[in-house]
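A.B. asks: Right, I'll just put the structure down here and ask away after.
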Amino acid sequence: MKHFQYKNSSIRYTDTGKGTCVVFLHGFLENLHLWDEIIQDFSHKHRIITLDLLGHGKSDCIGYIHTMEDQADMLHALLSHLKIRKVILVGHSMGGYVSLAFAELYADNVKGLVLVNSTSRADSDERKENRNRAIEMVKKNKNLFIRMAIQNLFDTEILDTISDKVEQFTQQALETPTQGVIAASEGMKERNDREVLLHFSPYPKCIIVGKKDPILSAKAVEEETFENETQFISLPCGHVAPIECPELLKENLKSIIKQW
Ligand code: MLT
């Protein structure tokens, strides 16, 4: 594990392998270990970067709100530090929102974009309200909020078969500091709609959804890929494909990235 200083804060990251660089970005309440199973096969042919986003894992917080642009700017600073110019971005859920913000701000640095269990659309009013309620709950009892939030992510039919992995995932999520949880929620709430990038950006794009995702409708996300060149892949899982169906996700990512 390596550390990098960004705005007087420490950012944890990993950097392995050689070749086209692929950056893996985790989602809300997660950390870089989300990708442990996925990246194993990649570093033979690629340079793989994973990192803890601001306020997550072992990376510090820098403010009351971490916008998707703050996260993208931090990633850009890390890539400049490592002298990496072009990257393929793979973002899980909130990591997908960060990838889109990065792609908007630094289009020249993007070679390809994969959103996993994520969307290019902004929050609906209802979702913003839910986030406000969530923030109040986090202030009162962060651990209860995290346990409840995680229970709602998975395909209930397979939950029993992956209970060890879900428990490990939960333990890591519980380490997210209160400020990190609130700052990310505020940041997601005010993120811009970036569907336009799926239509008018020059690099290849793909969205991978979970058919049984309890928090993001696979059907609604599929609509984002209509009338543009974005590839659409649907997997038999809930909201956390890297935990629920790592092998399938890995095979799909490998064949997408190979074409790019
Ligand atoms: C995530 O998994 O990153 C979050 O569920 C995304 C969100 O709340 O929109």
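The values are calculated or read from the model by the stated rules, or taken from the named source; none is laboratory data. Everything quoted here is computed from the prediction, not taken from an experiment. Note that we place each Cβ from the backbone using ideal geometry, even for glycine, and neighbour counts take in every protein chain shown.
Residues are listed down the side, and each one gets a yes or a no for (1) over 16 Å from the mean Cα position of the chain (by Cα); (2) within 24 Å of L113 (Cβ to Cβ):
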{"site": "N141", "(1), (2)": "yes, no"}
{"site": "L144", "(1), (2)": "yes, no"}
{"site": "I158", "(1), (2)": "yes, no"}
{"site": "E167", "(1), (2)": "yes, no"}
{"site": "T178", "(1), (2)": "yes, no"}
{"site": "I182", "(1), (2)": "yes, no"}
{"site": "G187", "(1), (2)": "no, yes"}
{"site": "E190", "(1), (2)": "yes, yes"}
{"site": "R194", "(1), (2)": "no, yes"}
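A.B. asks: Okay, moving on. Exactly one of (1) in a helix (DSSP H, G or I); (2) away from the ligand (no atom under 15 Å from the Cβ); (3) within 20 Å of L100 (Cα to Cα) is unmet by A183. Its number?
C.D. replies: (2)
A.B. asks: Just one of Q259, Q231 is touching a Ser or Thr at 6+ places or on another chain (Cβ under 8 Å) and polar (S, T, N, Q); which is it? Explain how you work it out, then say what you get.
C.D. replies: Numbers: Q259 fails: touching a Ser or Thr at 6+ places or on another chain (Cβ under 8 Å).
Just a single option satisfies the conditions, and that option is Q231.
A.B. asks: Still on this structure, please answer the following. Would you mind telling me which numbered condition in (1) modelled with pLDDT under 95; (2) in contact with a His (Cβ under 9 Å, 6 or more places away or on another chain) T156 fails?
C.D. replies: With respect to (1) modelled with pLDDT under 95; (2) in contact with a His (Cβ under 9 Å, 6 or more places away or on another chain), T156 is out only on (2).
A.B. asks: How many of the residues making up the range 40-64 are more than 16 Å from the ligand (Cβ to nearest atom), at pLDDT 95 or above and within 17 Å of Q168 (Cβ to Cβ)? Walk me through it before giving the result.
C.D. replies: Filtering the range 40-64 down to residues more than 16 Å from the ligand (Cβ to nearest atom) leaves 40-49, 58, 60-64.
Subset that is at pLDDT 95 or above: 46-49, 58, 60-64.
Then drop every residue that is not within 17 Å of Q168 (Cβ to Cβ), which leaves 58.
So the answer is 1.
A.B. asks: Restricting to the range 186-217, count the residues that are within 16 Å of the ligand (Cβ to nearest atom) and either buried (at least 21 other Cβ atoms within 10 Å of the Cβ) or under 22 Å from K128 (Cβ atoms) (or both). Walk me through it before giving the result.
C.D. replies: Within the range 186-217, the first condition is being within 16 Å of the ligand (Cβ to nearest atom), and the residues that meet it are 186-195, 207-210, 212-217.
Of the ones still in play, those that are also either buried (at least 21 other Cβ atoms within 10 Å of the Cβ) or under 22 Å from K128 (Cβ atoms) (or both) are 186-195, 207-210, 213-217.
Qualifying residue count, the range 186-217: 19.
A.B. asks: It is to be established whether one or more residues within the range 18-38 are surrounded by 15 or more Cβ atoms within 10 Å (Cβ to Cβ), among the basic types (K, R), farther than 29 Å from V181 by Cβ and in contact (Cβ under 8 Å) with a residue 24 or more places away in the chain.
C.D. replies: No, the range 18-38 contains no residue that is surrounded by 15 or more Cβ atoms within 10 Å (Cβ to Cβ), among the basic types (K, R), farther than 29 Å from V181 by Cβ and in contact (Cβ under 8 Å) with a residue 24 or more places away in the chain.
Here's the yes/no breakdown for (1) among the acidic types (D, E); (2) over 21 Å from P242 (Cβ atoms); (3) buried (at least 22 other Cβ atoms within 10 Å of the Cβ):
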residue	(1), (2), (3)
A101	no, no, yes
Y106	no, yes, no
A122	no, yes, no
K140	no, yes, no
N152	no, no, no
T156	no, no, no
Q168	no, no, no
T178	no, yes, no
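A.B. asks: Assuming P236 fulfils every condition listed in (1) buried (at least 16 other Cβ atoms within 10 Å of the Cβ); (2) in contact with a strand residue (DSSP E or B) (Cβ under 8 Å, 6 or more places away or on another chain) apart from one, which condition is it?
C.D. replies: (1)
A.B. asks: If I filter the range 72-103 down to residues being among the β-branched types (V, I, T) and more than 14 Å from the ligand (Cβ to nearest atom), which single residue comes out as nearest to W35 (Cα to Cα)?
C.D. replies: Among those that are among the β-branched types (V, I, T) and more than 14 Å from the ligand (Cβ to nearest atom), it is I88.
A.B. asks: Inside the range 104-119, can you point out the residues that are in contact (Cβ under 8 Å) with a residue 60 or more places away in the chain and either under 19 Å from I48 (Cβ atoms) or within 16 Å of the ligand (Cβ to nearest atom) (or both)?
C.D. replies: Residues satisfying the conditions are V110, K111, G112, L113, V114, L115, V116, N117, S118, T119.
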